[in-house]
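Here's the structure we're looking at; comments come further down.
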Amino acid sequence: MNGQVVVVTGGTGYLGSSVGKAFAESGETVVGVYLLDREVPYFEKTLGDLVKRTTLVKADVTTQGEMDRVAQDVIGRFRRIDVLVNTVGGYMAGSVEETTEEDFDRAMALNLKSAFFACKAVVPAMRAAKRGAIVNVSSETSLLGEEESFLYSASKSGVNRLTESLARELKAANVRVNCVMPRIMDTPPNREAMPTANFSKWVKTDQVARVIRWLCSEEAAPINGAAIPVYGGP
């Protein structure tokens with residue numbers, strides 16, 4: 001994969017930083033799309049010396065037009081976009097009865113609309129190049145709506161459907177689209193929220209990142225439109 005241009009939304013988050021590191025280790029040029037300045041030190045610490053292979057671009061990926069600007073910026077700098085990884089997202093809980101319209105719109109914007117905007121922005125460049133790979137981050141909960149989790153389940157289920165549809169739309173252009181479905185990822189916020197859990201069973205962000213990198217490689221060329229479970233321990 002050496003030398004490709006990889007765009008990672010949510011690039012300074014826990015998973016996004018691990019994804020950026022995984023691709024940078026393989027010699028790729030990484031563009032991390034981020035929103036929160038407070039996350040940048042974690043990103044820089046995670047990548048260490050590899051940070052020199054990265055560029056950060058600030059944008060709100062839930063807002064129409066922002067990813068179009070990012071895509072134009074990346075193409076202007078590097079002349080291409082080979083890979084897109086969408087890691088933006090967040091868990092939201094609540095019963096159907098108590099959920100407000102604002103809650104619903106926020107969950108859909110964060111988990112689904114962000115991926116839609118990013119995919120839509122990079123597709124023209126990939127279609128023109130007749131090559132590319134996109135990986136969205138879904139969740140195991142996309143497969144089943146559990147009590148008080150319909151916002152997250154529904155929005156992540158939408159990511160699966162987006163992945164499947166776009167994979168079929170871009171097949172003739174030699175652009176592959178897949179998604180990964182982690183269970184609970186081992187991050188500081190998740191540990192804080194569930195302090196009595198068995199963390200050893202949780203999937204590590206660097207493990208998810210390596211699966212994502214593999215999905216974008218030639219070794220995974222036959223895989224398109226798939227939702228890959230990345231659940232961690234038993």
How many residues of the stretch 1-60 are among the small types (G, A, S), in a helix (DSSP H, G or I) and under 22 Å from G132 (Cβ atoms)? The answer is 5
Within the stretch 186-210, the residues that are open to solvent by less than 40 Å² (accessible area, probe 1.4 Å) and of a type outside the set (S, T, N, Q) are D186, A197, W202, V203, V208, A209
Residue count, the stretch 155-181, condition open to solvent by 10 Å² or more (accessible area, probe 1.4 Å), among the hydrophobic types (A, V, I, L, M, F, W, C) and either closer than 25 Å to T99 by Cβ or at pLDDT below 95 (or both), comes to 1
Going through (1) closer than 23 Å to G3 by Cβ; (2) over 19 Å from the mean Cα position of the chain (by Cα); (3) open to solvent by 40 Å² or more (accessible area, probe 1.4 Å); (4) of a type in the set (A, V, I, L, M) one by one, I223 fails only at (2)
Counting only residues in the stretch 133-154 that are at pLDDT 95 or above and assigned to a loop (DSSP other than H, G, I, E, B), the one surrounded by the fewest Cβ atoms within 10 Å (Cβ to Cβ) is identified as S139
Is it the case that some residue within the stretch 181-192 is part of a helix (DSSP H, G or I) and aliphatic (A, V, I, L, M)?
no
Counting only residues in the stretch 51-84 that are hydroxyl-bearing (S, T, Y) and closer than 15 Å to A118 by Cα, the one surrounded by the most Cβ atoms within 10 Å (Cβ to Cβ) is identified as T62
The residue that is surrounded by the fewest Cβ atoms within 10 Å (Cβ to Cβ), considering only those in the stretch 21-44 that are touching a residue at least 60 places away in the same chain (Cβ under 8 Å) and of a type outside the set (A, V, I, L, M), is S26
Check: If you check A128 against the conditions, is it closer than 19 Å to Y14 by Cβ, assigned to a helix (DSSP H, G or I) and among the small types (G, A, S)?
Finding: no
When the stretch 162-175 is checked residue by residue, the ones that are basic (K, R) and within 15 Å of the chain's Cα centre (by Cα) are none
Across (1) surrounded by 19 or more Cβ atoms within 10 Å (Cβ to Cβ); (2) in contact with a Lys or Arg (Cβ under 6 Å, 6 or more places away or on another chain), G233 clears everything bar (1)
TODO: Return yes or no: is F104 in a helix (DSSP H, G or I), aromatic (F, W, Y) and buried (at least 22 other Cβ atoms within 10 Å of the Cβ)?
DONE: no
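The values are calculated or read from the model by the stated rules, or taken from the named source; none is laboratory data. Note that the structure is predicted; figures quoted are calculated from it, not measured. Neighbour counts run over all protein chains shown; Cβ positions are idealised from the backbone, glycine included. Accessible surface areas use protein heavy atoms only, side chains included; no ligands, DNA or RNA. Shrake-Rupley method; radii C 1.70, N 1.55, O 1.52, S 1.80 Å.
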